[in-house]
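These notes are about the structure you will find just below.
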Amino acid sequence: MLGGSPMLHELDRPIQREVLILSVNGEEHQVLAPVHETLLEVLRERLGLTGTKHGCELGECGTCTVLVDGRPQLSCLLLPVQLAGREITTVEGLGSTADLHPLQQAFAELGAAQCGYCTPGILLAARALLDERPRPSHDEIREALAGNLCRCTGYTKIVEAVELAAERGRP
Amino acid sequence: MSRLDVVGQPLPRVDAAAKVTGVAVYADDIVLPRMLHCRILRSPHPHARILSVDAGAARRVPGVRAVLTGQDVPIRYGIMPVAQDERALEFEKVRYVGDPVAAVAAVDEETAAAALDAIRVEYEVLDPVMSIEEALREPADEPIHERAYTRRAFNVHRQLAYDFGDLEAGFARADHVREDVFFYQGSTHLPMEQHSAVATYVDGRLTLWSSTQVVHYVHRALARVLELPMHRIRVIGAAHGGGFGGKTDPFAHEIVVSRLAMVTGRPVKCTLTREEVFYAHRGRHPVLMWIRTGVTRDGRITAVHYRSALDGGAYGSYGPASVFYTGTQQTTTYAIPAYRFESVRVFTNKAPCGPKRGHGTPQGRFGIELQLDKIAEDLGMDPAELKRRNFVQPFTRAVNWLRITSCGLEECTRKVLDASGYARRERRPGRGMGFAISSYMSGAGTAIYWNDMAHSEVQLKVDRTGVTAYCGAMEIGQGSDSVLAFVVAEELGLRPSDVRLVTADTDTTPVDLGSYSSRVTFMAGNAALQAARRMRDLLVEAVAERMGVHGDLSEIEVRDGRIGDFSFEEACVIGTTRFGALSTSGSYRPPRIGGPFKGSGVGPSPAYSYSACVVDVDADARTGLVDVRKVWIAHDVGRAINPLLVAGQVEGSVYMALGEALMEEQAYRKGRHKWPSMLEYKSPTFVDTPAIETFIVETVDPEGPYGAKEAGQGPLLPVPPALVSAVHDALGVWVDEVPVTPEKVLRALEARSRGEAPRHGPRAFPAFDFGERIRVEPPDPRDMRVGSELEEAFRGA
């Protein structure tokens, strides 16, 4: 935030709050939140689901990808008020340290996560791809994940891990 | 060496499960009771005097708990002792768009942001300095920094000039001499995680969690600025979302949240916005280079005269080292008999530059590789062959005293040339291959601040519950924690998951200098090795006593979770019974390597990695578009402690290099960053990144742990010049600067069609007086002496 920015923040205007009922990872949550809060903020700051990360909060990097009714969506661009009755899946709902999803297993085995910050978003985008196309080609994987940036891996091991998970089949 | 059970295996990293499940706690994931949120007001001007800061209205905003301005944190700091030129919040003048001026702590981020708008700052705007050329001229208004600090003309920050060997004699022997000018544009790290820090102040003790690469240096900076003794400050590295050099300085937000926690008595968090991350920067220096090289008829280098000018941005950061690195490392790949190196770093009103993956060396590498390609063309030689003729030999000493130990250049070269079919490549317009090599240091030979202490320290504890390793090394995604676990597991006959780790916590872990200069595997690895071998001896001694073995203890095997007749768990109980709780420590300090001259401390490393690469491109003469088809890269890592992690570092380096080579640019327009967003700052996506075929070459360095050298930075270096060389191979024109955008390719083609030199790039190097050169007598190339032996020789001389 630079000084002299024309986009002044409005403090004196009353903030409209709403009770949201969100279904996340199969659990129902009731949240009282300002209507302008994004799904990303509600997941991280109100539901404690910090597995969902943020890289730009402008829909540019794919880091905050979650699944809404199985489709990959950028949680920084969604308002929870739009999501009544929809099923939201975050990385916490993909698998756990006790029971890794095959994608998580493959990412761990092949070193597809280095710093791990983009990993949750990429895992969910990959999950949506495999749900739709269980045996995607190399290029289909690259296309499906092209909205997710990663600075560590050079993407190589991520594509290999998705291929390995696909080869092993769905759980 | 006996059989290795862990080292060399492609095991998953020790933190893999935490990373793939989202359980790892990054700094911004930390939430503490009653935590306040901080936002920082930054300068909208590239260069201005601050006349007044009025924070009265901001303090009255409901929900605001504290406002800081420059007078609250007035002490200057900086990563290097000779460049203490930053303030956490500036109150005299601002030097780039994004320079911090004030900070607010409030009950939530939104309130803090709104309060920033209520702070009134009165500026007197000054003429900004936005290029190397401008910085070398008399400024319109005033220099960016006080003359008392720089002690140099205009906006010159540092300058240096060296003569290694007899340059004139070298050029006199040359059959062919060539001069070229190159430019390497700046780029930023763009870590996926924005910088974030959380501070608490309880019982007179400050604790800071941060996404830093260097907990120790942050610790020192906090002590300096906050005027607290170091034992009252604890810095903890949170799970880290990517650094690449961008989180290697102490940052304003780390100091600000600390002071705010002290003022409010509540936890305070600050997470930068993506836009702010572009201003925090410390990325690749834009570097202009002029190189003159002489060769014999058969392509052997007789002399190199290398000049570089670095655009440092607004502050010193690592600049005093960067200015050396652009030139010192040229001698570790090619045997250069005479070398003149002159370099200058200037201040400009841009976000400060610093160390990005390869720190100062990719620029010089770009210039030297491309000039050798051009010389090969002049001589009608194959560039790969010309380069090969000049390769340094293992176990030799370079003209500027850098000591080369293991060196896999020739093997790396063979691997990529064979695999790519370079010699038999298809020769048609629009298709081309380029070849380049590089080397990089496995940790700097000297610490950032002068001291004789170890660069890395590891402690091991064994009690009745098992083994724990403690080390200040910082896991930033490169596998620092994993290396520690692999080394300890190897020595104690365990699996890596059997080793508990406590890392990067200044209260509990001994000092490691941090994750920069590719030093962790080499230095923390060696420290862990020493600590683990000492622990192994103690456990074996206790077990031998219990088994009734005397004399030769080598029959007591330590392997597969057992020590002699006992399980490791039983051995821990036996050891603890015999000695009490056991602890051992290990440490590593590189030997003195540099020559007998001022400045010789920058550049030496206990070992250099080597890389070779071939880039294959399609280049379209109509559109100027360059499509990378494939990259083959071979990397001499000494020994791969974990080939999976090494390959990951190599692939990541190649990818980051392609970004710099083709699209990434920290560019400015009218004093402002041209595109401080991830959408407009273009970086390669999944679809832009080509197939990368990696070959790991092992030369088993005598000083590396198990022979290991670095892997995280060196493989970036050869890619940009190989790409430019491939474009030349495809289209017959040179683009002598990165990024190689379609526009530049077309300009080079247009120049050729106009009958001009078939190139696009800088035309001249600015006139600058580098001052008197330091003359250095070159060493005997076979002189391998280091440490006290070398120091004694210097004293005797």
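A few remarks follow.
- For the protein assembly as shown, a simple Cβ point-charge model (Lys and Arg +1, Asp and Glu -1, everything else neutral) yields a dipole of about 1340 debye relative to the Cα centre.
- Radius, Kirkwood style, for the stretch A:17-93 when every pair of distinct Cα atoms is counted (Å): 12.1
- log10 of Debye I(q)/I(0), alpha-carbon scatterers only, for the stretch B:239-309 at 0.14 Å⁻¹: -0.67
- The Cα center of the stretch A:15-67 and the Cα center of the stretch B:312-355 differ in position by 45 Å.
- Euclidean distance of C-alpha centroids, the stretch B:453-524 and the stretch B:179-206, integer Å: 23
- In the stretch B:140-215, the GluC sites (Glu not before Pro) that fall in loop regions by DSSP, at most 14 other Cβ within 10 Å: B:Glu146
- Ordering B:Trp450, B:Trp290, B:Trp401 by the number of other Cβ atoms within 10 Å of each residue's own Cβ, fewest first, gives B:Trp450, B:Trp290, B:Trp401.
- Spatial separation of Cα centroids for the stretch A:126-152 and the stretch A:80-108, in angstrom: 16
- DSSP beta bridge pairing in chain B, given as percent antiparallel to the nearest 5: 75
- Of the trypsin sites (Lys or Arg not before Pro) found in the stretch B:530-608, the ones in coil according to DSSP and having at most 15 other Cβ atoms within 10 Å of their Cβ are B:Lys598.
- Applying the criteria of a DSSP loop state and at most 13 other Cβ atoms within 10 Å to the GluC sites (Glu not before Pro) of the stretch B:34-92 yields B:Glu92.
- Per-residue Karplus couplings for the stretch B:613-618, computed as 6.51 cos²θ - 1.76 cosθ + 1.60 with θ equal to phi - 60°, are listed in order as 8, 10, 10, 10, 10, 9 Hz, Gly and Pro entered as x.
- Cα lying deepest toward the dipole's positive end in the stretch B:505-589, options B:Val520, B:Thr577, B:Ile563, charges on Cβ: B:Val520
- B:His195 long-range amide H proximity, modeled H, under 5 Å: B:Leu272
- Other-chain or far-sequence residues with amide H under 5 Å of B:Leu41's (modelled H): B:Val101, B:Ala102, B:Ala103, B:Val104
- 3J(HN,Hα) from dihedral phi, the stretch B:676-682, Karplus parametrisation 6.51/-1.76/1.60, rounded to Hz, x for glycine, proline: x, 8, 6, 6, 8, 7, 6
- In terms of its alpha-carbon gyration tensor, chain A comes out prolate; a/c meets the 1.5 threshold, and the first ratio a/b outweighs b/c.
- Cys residues of chain B that find no other Cys beta carbon under 4.7 Å: B:Cys353, B:Cys407, B:Cys412, B:Cys471, B:Cys572, B:Cys613.
- Couplings 3J(HN,Hα) of the stretch B:231-248, computed from phi: 6, 9, 10, 10, 10, 10, x, 6, 3, 10, x, x, x, 6, x, x, 10, 10 Hz, in residue order, whole Hz [Karplus 6.51 cos²θ - 1.76 cosθ + 1.60, θ = phi - 60°; x for Gly and Pro].
- For the residue pairs B:Lys93/B:Lys269; A:Lys53/B:Lys269; B:Lys350/B:Lys674, the C-alpha atoms sit more than 20 angstrom apart in B:Lys93/B:Lys269.
- DSSP finds beta bridges in the protein assembly as shown, and of those with both partners inside it, around 75 percent are antiparallel.
- Residues B:Glu777, B:Glu490 arranged by fewest to most Cβ contacts within 10 Å: B:Glu777, B:Glu490
- Three-way shape label, chain B, alpha-carbon gyration tensor, a/c 1.5: oblate
- At 1.306 mPa s and 10 °C, Stokes D of the stretch B:683-790 from Kirkwood alpha-carbon radius, µm² per second: 83
- Over all Cα atoms in the stretch B:405-538, the spread is summed up by Rg and Dmax: 20.3, 70 Å.
- Here the Kirkwood formula, the inverse mean of 1/r across different C-alpha pairs, assigns the stretch A:102-168 a hydrodynamic radius of 11.4 Å.
- Rh by Kirkwood over Cα pairs, then Stokes-Einstein D for the protein assembly as shown at 1.306 mPa s and 10 °C, µm²/s: 55
- Mean partner shielding of peptide B:645-657, defined as the number of other chain Cβ atoms within 10 Å of each residue Cβ, is 4.
- In the elastic network of chain A, a GNM with C-alpha springs shorter than 10 Å, the most mobile of A:Val35, A:Val159, A:Val24 is A:Val35.
- Panel values: the stretch B:492-533, Kirkwood radius from alpha carbon pairs, Stokes-Einstein at 25 °C and 0.890 mPa s, translational diffusion coefficient 209 µm²/s.
Bear in mind that the values in this text are calculations on the coordinates, not laboratory data. Everything quoted here is computed from the prediction, not taken from an experiment. Positions of Cβ are generated from backbone atoms using ideal geometry, with glycine treated the same way; all protein chains shown enter the neighbour counts.
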